[in-house]
Amino acid sequence: MNHDSYSPDYIRGILRSVKTIAMVGASANDVRPSYLVLKYLIEKGYNVIPVNPGLAGQELLGQKVYGSLKDIPVAIDMVDIFRNSEAAGPIVDEALALPEKPKVIWMQLSVRNDEAAAKAEAAGLQVVMNRCPKMEYGKLSGEWAWVGGNSGVLSSKRQVLHSSGRTQSLGIAEKEKP
């Protein structure tokens, strides 16, 4: 897997297949990126479980916070790592030790650990590094362009405006968002 470039289909497949996400490094500070991503993913219908040992037992955006992945009583589809690159290795080890392994390891922007990625892929998991699921969801659904984000796709083709008033962007119709 080339972790320097992911196809839209790879990212779209992940965002469509996962339902339960454990966010390691979730913050209660409402200006922190992890808080904003947690809130966004919950609003998009994902079951996001915050993981933060310092907040364990409390609630964050209506979700119980757990101290570690092993404390979560339900199966996890994706582990979203909001910690530094060095911390990603032990987090991946913890995820791989779970009785039911997640399908995906996602490392946030600026988080890259090739050794941990190789270990996860060897165990059959999909891996994304140095990306944000909120931003990727926004790019694929067309929301990113609405707030001035650059999708990274240059085209001379116009966006299609549907009778509903919605645009179609990157090949995802409004009802087919990831």
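The values are calculated or read from the model by the stated rules, or taken from the named source; none is laboratory data. Small disclaimer: the values here were computed from a predicted structure and weren't measured. For neighbour counting, all protein chains shown are included, and Cβ atoms are generated from backbone atoms with ideal geometry for every residue, glycine included.
What the table below lists for this structure:
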| item | result |
| --- | --- |
| Where residue 143 falls short, out of the listed (1) modelled with pLDDT of 95 or more; (2) charged (D, E, K, R); (3) under 18 Å from residue 44 (Cα atoms) | (1) |
| Among residues of segment 91-116, those that are in contact with a Leu (Cβ under 9 Å, 6 or more places away or on another chain) and either in a loop (DSSP other than H, G, I, E, B) or over 17 Å from residue 75 (Cα atoms) (or both), counted | 5 |
| Yes/no for residue 76 being out of contact with any His (no Cβ under 8 Å at 6 or more places or on another chain), in contact (Cβ under 8 Å) with a residue 40 or more places away in the chain, aliphatic (A, V, I, L, M) and part of a helix (DSSP H, G or I) | no |
| One residue from 74, 65 being surrounded by fewer than 19 Cβ atoms within 10 Å (Cβ to Cβ), of a type in the set (Val, Ile, Thr), more than 15 Å from the chain's Cα centre (by Cα) and modelled with pLDDT of 95 or more | 74 |
